[in-house]
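The values are calculated or read from the model by the stated rules, or taken from the named source; none is laboratory data. Here the structure is a predicted model, which is why all the values come from computation and not from measurement. Virtual Cβ from ideal backbone geometry, glycine too; neighbours counted across all protein chains shown.
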Amino acid sequence: MNHQKNMISLIFLVFLSLHLANGQLNYYYYYASCPNLQMIVKYGVWAAMKNDTRIAASLLRLHFHDCFVNGCDGSVLLDDTKTFTGEKNAGPNRNSVRGFEVIDNIKADVERACPFTVSCVDILTLAAREAVVLSGGPNWPVTLGRRDGLTANLKAANTNLPAPFEPLANITAKFAAVGLDSRDVVALSGAHTIGLAQCFTFKNRLFDFRGTGQPDPNLDSSLASSLKTACPNVDKSNTNLNSLDMVTTYGFDNAYYKNLVNNAGLLESDQALMSDPKTASMVKDYSTYPYLFYRDFSTSMTKLGNIGVITGLNGEIRKKCGEINH
Ligand code: HEM
Ligand SMILES: *[C@@H]1O[C@H](CO)[C@@H](O)[C@H](O)[C@H]1NC(C)=O
Ligand SMILES: *[C@@H]1O[C@H](CO)[C@@H](O)[C@H](O)[C@H]1NC(C)=O
């Protein structure tokens, strides 16, 4: 009897220490406090994808835009209020990032199962992983225990997030600023194997590339003509949507890299990976060996998900993902 009691308190103490483990994420963080968490998130992403195929891509991107600004802290999820400015209206986010309602819905399900226990940033991190898995991509274990930030940073969202018009060196510098190297740039750019981009994000390549009066020479000419039809040279086509990977738009695979090898990358920043011998050789490797890409993508996603996390007693567990607790 006494033995059993001791075992129970030992187990309890183990879980308590996992929960409080200062500054450390771990795989078992919610093991006792929210055992069904991963199933709830998986179901939420699955249901959202049944309604909207594109949402997997959008959730993956939302996680990226969270982690590059103030670290992975759920800052991208915060709404503007009279006294608070969020990141949703930053240039790279406004009328572009999506998936907020999906995270809100999953959070509501999680709150019903385990009230006031799981952070929004952990939900977003898990949702990004499920989005990749449910799109046919690799699976990787996600450590947990991130806490939600108390603030957002509009200015950092405008400066830290890469733009498709920037040279590769500038993009690499922005990754380096958060501890990611050029291998991470190449592997994580493979996220563009799913999802869509608006015409204005690559139109500069179609009609008058850098004042030449010609399309970008690094853009396959038959792709250029079909993109000119999809994105006519008038402002009102700016928000038309196109596949980032026109071979398998919603399938997570290595077709993105095969496209780059064939000068069929959509964004200038995608195709630029072929302009540097070091990144070009990684692109070629990923185009030939899908499992090498999967392995490196998983490794880089883990690094991405660990950027600037808030742990222990810092930050909070938000009740609603769009606002800090009152
Ligand atoms: C390397 C620098 C990057 C640049 C310059 C870049 C730029 C862009 C742009 C311009 C779009 C289209 C946005 C729109 O039209 O509204 C886009 C979409 C997307 N990006 Fe990136 N991105 C980069 C890296 C990443 C990374 C690291 C990830 C995730 C790990 C990612 C995931 C996505 C996804 C999945 C989409 C499609 C979203 C959807 O369909 O809703 N991107 N990106
Ligand atoms: C289904 O997807 C559409 C398009 O993204 C979205 O506007 C709508 O809110 C979604 N409905 C549900 C029930 O999730
Ligand atoms: C690239 O970075 C350099 C140095 O920081 C900067 O001067 C330049 O404006 C950047 N280019 C673009 C297109 O953002």
task: Could you tell me which residue of segment 267-326 is nearest to Leu168 (Cα to Cα), considering only residues that are assigned to a loop (DSSP other than H, G, I, E, B) and aliphatic (A, V, I, L, M)?
output: Leu267
- request: Starting from segment 102-129, take each residue that is crowded, with 24+ Cβ neighbours inside 10 Å and list its partners that are among the aromatic types (Phe, Trp, Tyr), counting only C-beta distances under 7 angstrom and pairs at least six apart or across chains.
  value: Val118/Tyr30; Arg129/Trp140
- request: Of the numbered conditions (1) within 16 Å of ligand 2 (Cβ to nearest atom); (2) aromatic (Phe, Trp, Tyr); (3) without any contact (Cβ under 8 Å) to a residue 60 or more places away in the chain, Tyr31 fails exactly one; give the number of that condition.
  value: (1)
Yes/no for Ala157 being more than 13 Å from ligand 1 (Cβ to nearest atom) and either in contact with a helix residue (DSSP H, G or I) (Cβ under 8 Å, 6 or more places away or on another chain) or not in a helix (DSSP H, G or I) (or both): yes
query: Do we have Tyr256 as farther than 18 Å from Thr279 by Cβ and touching a helix residue (DSSP H, G or I) at 6+ places or on another chain (Cβ under 8 Å) here?
result: no
- request: Mind listing whichever residues of segment 194-247 are of a type in the set (S, T, N, Q) and more than 13 Å from ligand 1 (Cβ to nearest atom)?
  value: Thr212, Gln214, Asn218, Ser221, Ser222, Ser225, Ser226, Thr229, Asn233
query: Quick one: is Ala56 closer than 18 Å to Ile317 by Cα and either modelled with pLDDT of 95 or more or more than 16 Å from ligand 3 (Cβ to nearest atom) (or both)?
result: no
field: Within segment 46-93, tally of residues that are away from ligand 2 (no atom under 16 Å from the Cβ), exposed (fewer than 14 other Cβ atoms within 10 Å of the Cβ) and outside any loop (DSSP other than H, G, I, E, B)
entry: 0
- line: Of Met301, Met282, the only residue that is modelled with pLDDT of 95 or more and surrounded by 24 or more Cβ atoms within 10 Å (Cβ to Cβ) is Met301
message: Could you tell me how many of the residues in segment 179-205 are more than 16 Å from ligand 3 (Cβ to nearest atom), within 19 Å of Leu304 (Cα to Cα) and not small (Gly, Ala, Ser)?
response: 9
message: I'd like to check something: does segment 94-102 contain any residue that is within 16 Å of ligand 2 (Cβ to nearest atom), more than 25 Å from Ala163 (Cα to Cα) and of a type in the set (Gly, Ala, Ser)?
response: no
- prompt: In segment 244-264, what residues are in a loop (DSSP other than H, G, I, E, B) and either outside the structural domain of Lys203 (by TED's automatic domain parsing) or free of Cβ contacts under 8 Å to residues at least 24 places away in the same chain (or both)?
  reply: Met246, Val247
query: Is it fair to say Lys203 is assigned by TED's automatic domain parsing to the domain that holds Tyr256, more than 16 Å from ligand 2 (Cβ to nearest atom), within 20 Å of Lys303 (Cβ to Cβ) and not β-branched (Val, Ile, Thr)?
result: no
- prompt: Considering segment 159-178 alone, what residues qualify as being more than 9 Å from ligand 3 (Cβ to nearest atom), free of Cβ contacts under 8 Å to residues at least 40 places away in the same chain and surrounded by fewer than 19 Cβ atoms within 10 Å (Cβ to Cβ)?
  reply: Thr159, Ala176, Ala177
- prompt: Any residue in segment 161-175 that is within 16 Å of ligand 2 (Cβ to nearest atom), closer than 21 Å to Cys231 by Cβ and in a loop (DSSP other than H, G, I, E, B)?
  reply: no
message: Checking the structure you have, find out if any residue of segment 309-326 is small (Gly, Ala, Ser), within 23 Å of Thr117 (Cα to Cα), surrounded by 15 or more Cβ atoms within 10 Å (Cβ to Cβ) and under 15 Å from the mean Cα position of the chain (by Cα).
response: no
